[in-house]
Amino acid sequence: MTIMLLGLLLAAPASAESPPDPVAAALAQAGPGTRIGLVVVDEQGHEIVAIRPDERFMPASNTKIFTTAAAFATLDMTAADGGGGAEVRLEGRDVVLVGHGDARLSSAPDCRVDCLAALADAVAARTHVVHDVIGDDSAFPDERWPQGMSWNNQAGRYGTAVSALTIDDNVAELAVTSGAIGTPPGIGSDGYYRIENRAITVPGARSSLEVTRLPGSDILQITGSLGSSATPRPLFVGIDDPAHRAAWRLIRLLRADGVRVTGTVTVRHRPLSPSDDPAQRSGAPAPRPPAPPAALARLAPPPLAEDARLTNKVSQNLHAELFLRRVAAATGSGSVADGRAVVSHMLGDIGIARWQYDFADGSGMSSYNRVTPRATVALLRWITAQPWGAAWRTTLPVGGVDGTLAARFHGTPLDGRLFAKTGSLNATSAVSGYLTGASGHVLTFAAFANDVPGDASAIGAIDQALLAVAASH
């Protein structure tokens, strides 16, 4: 099938004798300054649409396509215990809480699976007095934030620190209640952070509360306003040191179990070293660390496939970053560099040239990431041919149905017929995956919009272009 020469149509206005192609007309709605790449391929691999197919774009959370594909290709995603469960050890009078990369450890009061309380109960069954409680995340090197991530994201839930010892998605929740008009709203916390409440309660139902925190600080500044009749919504704050937070939470659970803690919270991190980068290794085997004491208790999380579904459906950044490190731990040190090496090896086996991509992280929060639409489509087509391809596809949001696509394509011919990963970051919109055209055939596509003006959006233009492709195929 002939490739549509849409680049020419986008470059110059169509004449009256030559009406614009519907895909080009849709993309033109993105407005001046926006750079769009779009590749659509049929079931035989023929390109139907190719707009800037080999230009490099910031993929935002489309990076998760590459990370979760590497996880399915490398890890046992169906293991009954999911692997990576946290454990507790007793070292003399100290309790050591050890993380192995599980993203789902919870200290919520209503926790039912993968619960920190179960580890606290195991300690309480053995002893009623402990000294220090140590958070140990040394299973991975201490790389809490990816290179190229905006520093202002660190205080929020989308940019929280990454650690082999993760608790409650590494966020702290603040409860919010309206006060009397002219007074500060109520801000409730569990005491981990200190709060400077500079917000005010105002008439009406609108809310504009903001939380700011300098990196490394334990002070949260709450500013803005909360309407006296507004529906209260919790505020979520990112954690700088998840291992410390997890140990702090464990102390509270131990005390609730009647265990007396005479010491304090400490942490064990593994500093990043040259041996954590495959490009800098000498080739000599690293010395084997001494065997740790036997675990007193260890959790058995659900299969990783369930976590991949959450990761892609709602675009969970922390979980994606942990997938990259778990892939790295399966073949190397657990470092970001080793994770990138696994992804690069996978893409090389597919036949995707090295210049077609650069990745600094596993989630897409880094502005250093780049990939071409053609490379993304090549990966998506390769995934469908893998034994795990169908299982991976179920992790994607469905247009008009769920995840980050629940509000898109609803009531259109692609409602329930488009399965794709979305992405949004720093003037970037992306969506890549599979759609079923009017003919009933499945098309594979990758769409990226970069340099979107701050007061505009390219999402509507891309969606209309995909609807036009589906209608004509």
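The values are calculated or read from the model by the stated rules, or taken from the named source; none is laboratory data. Given the structure is predicted, the values throughout are model-derived calculations rather than measurements. All Cβ positions, glycine included, derive from the backbone under ideal geometry; neighbour counts span all protein chains shown. All accessible areas refer to the heavy atoms of the entire protein, side chains included, with ligands and DNA or RNA removed. Shrake-Rupley method; radii C 1.70, N 1.55, O 1.52, S 1.80 Å.
With a cut-off of 8 Å between alpha carbons and a minimum separation of six or more residues, what is the relative contact order of the chain in percent? Can you show the working numbers first?
Numbers: 1095 pairs, mean separation 114.3, N = 473.
Reported as a whole number, the value is 24 percent.
Please pull out the direction-averaged projected area of the chain, using the convex hull of its alpha-carbon atoms, in nm² to one decimal place.
Working: hull surface 102.9 nm².
Directional mean of the projected Cα hull area for the chain stands at 25.7 nm².
Calculate one ³J(HN,Hα) per residue across the stretch 459-472 by plugging θ = phi - 60° into the Karplus curve 6.51 cos²θ - 1.76 cosθ + 1.60, and present them in order as whole Hz with x for glycine and proline.
Calculated HN-Hα couplings, in order: 4, x, 5, 5, 4, 5, 5, 5, 5, 5, 4, 4, 5, 9 Hz.
When a/c reaches 1.5 or more, the comparison of a/b and b/c decides; with that in mind, is the stretch 270-367 rounded, prolate or oblate per its Cα gyration tensor?
On the way: a/c = 2.10, a/b = 1.10, b/c = 1.91.
Oblate is the answer for the stretch 270-367, as a/c is 1.5 or above yet b/c matches or exceeds a/b.
Which residue, chosen from Ala456, Val39, Ala117, occupies the Cα position most advanced towards the positive end of the dipole of the chain, where the dipole is computed from +1 (Lys, Arg) and -1 (Asp, Glu) charges on Cβ about the Cα centre?
The listed residue farthest towards the positive side: Ala117.
Under unit Cβ charges (Lys, Arg +1; Asp, Glu -1), what dipole magnitude, rounded to 20 debye, does the stretch 40-194 have relative to its Cα centre?
Numbers: 11 positive and 23 negative charges, 98 e Å.
Dipole size: approximately 480 debye.
What list of ³J(HN,Hα) couplings, whole Hz, do you get for the stretch 263-278 from phi and the Karplus terms 6.51, -1.76, 1.60, once you set θ to phi - 60° and write x for glycine and proline?
Coupling constants for the stretch 263-278: x, 9, 8, 10, 9, 10, 10, 10, x, 5, 9, x, 5, 7, 10, x Hz.
Around Glu47, with a cut-off of 14 angstrom between Cβ atoms, what is the net charge of the other residues, counting Lys and Arg +1 and Asp and Glu -1?
Numbers: positive: Arg52, Arg374, Arg381; negative: Asp42, Glu43, Asp54.
The answer is 0.
Return one whole number: the accessible area per residue of the chain in Å², for a 1.4 Å probe. Walk me through the intermediate numbers first.
Details: 20140 Å² over 473 residues.
Value returned for the chain: 43 Å² of accessible area per residue.
I'd like the FRET efficiency for Asp110 and Ala291, computed as 1/(1 + (r/R0)^6) with the beta carbon distance as r and R0 of 35 Å, rounded to 0.05.
Details: r = 37 Å, r/R0 = 1.04.
Working from the Cβ atoms, E equals 0.45.
Rounded, prolate or oblate, given the Cα gyration tensor of the stretch 358-434, with a/c below 1.5 counting as rounded?
Values: a/c = 2.05, a/b = 1.21, b/c = 1.69.
Because a/c hits 1.5 or more and a/b fails to exceed b/c, the stretch 358-434 counts as oblate.
What whole-number distance in Å separates the alpha-carbon centres of the stretch 204-243 and the stretch 327-344?
Between the Cα centre of the stretch 204-243 and that of the stretch 327-344, the gap is 35 Å.
Among DSSP beta bridges lying fully in the stretch 51-159, give the percent that are antiparallel, nearest 5. Working shown, then result.
Working: 5 of 10 bridges.
Bridges in the stretch 51-159 are about 50 percent antiparallel.
For the chain, what is the percent of antiparallel DSSP beta bridges, rounded to the nearest 5? Don't skip to the end; give the middle numbers.
Values: 48 of 67 bridges.
Around 70 percent of the beta bridges assigned by DSSP in the chain are antiparallel ones.
Just by accessible area at a 1.4 angstrom probe, what is the order of Leu254, Leu75 from largest to smallest? Walk me through the numbers before you get to the answer.
On the way: Leu254 0, Leu75 30 Å².
So the residues, ranked largest to smallest area, are Leu75, Leu254.
For the stretch 173-201, list residues with backbone N below 20 Å from a point placed 7 Å from the Cα of Thr264 toward its Cβ?
Only 191-195 pass the distance filter.
Using a Förster radius of 41 Å, what is the FRET efficiency between Asp358 and Tyr192 based on their Cβ-Cβ separation? Nearest 0.05, please.
Numbers: r = 36 Å, r/R0 = 0.89.
Rounded to the nearest 0.05, the efficiency is 0.65.
For the chain, which whole-number percentage of the solvent-accessible area (1.4 Å probe, protein heavy atoms only) is attributable to carbon and sulfur atoms? Can you show the working numbers first?
Working: 10920 of 20140 Å².
On the chain, the fraction of accessible area on carbon and sulfur atoms equals 54 percent.
Given points 7 Å out from each Cα along the Cα-Cβ axis, report the Ser275 to Gln147 separation in nanometres with one decimal.
Output for this residue pair reads 2.2 nm.
Can you list the HN-Hα couplings for the stretch 54-70, worked out from phi with the Karplus curve (6.51, -1.76, 1.60; θ = phi - 60°), rounded to whole Hz and with x for Gly and Pro?
Going residue by residue, I get 10, 7, 8, 10, 6, x, 6, 6, 5, 4, 5, 4, 5, 5, 6, 5, 4 Hz, with x marking Gly and Pro.
In deg cm²/dmol, rounded to 500, what helix-only [θ] at 222 nm does the chain give when every DSSP H run of at least 4 residues adds -39500 (n - 2.57) and the total is split over its residues? Display every interim value, and only then the final one.
Working: 11 runs with 123 residues, N = 473.
Mean residue ellipticity, 222 nm, calculated: -8000 deg cm²/dmol.
How many angstrom separate the Cα center of the stretch 155-170 from the Cα center of the stretch 388-404?
The two parts, judged by their Cα centres, are 24 Å apart.
In debye, nearest 20: dipole of the chain around its Cα centre with unit charges on the Cβ of K, R (+) and D, E (-)? Don't skip to the end; give the middle numbers.
Working: 39 positive and 45 negative charges, 86 e Å.
With Lys and Arg at +1 and Asp and Glu at -1, about 420 debye.
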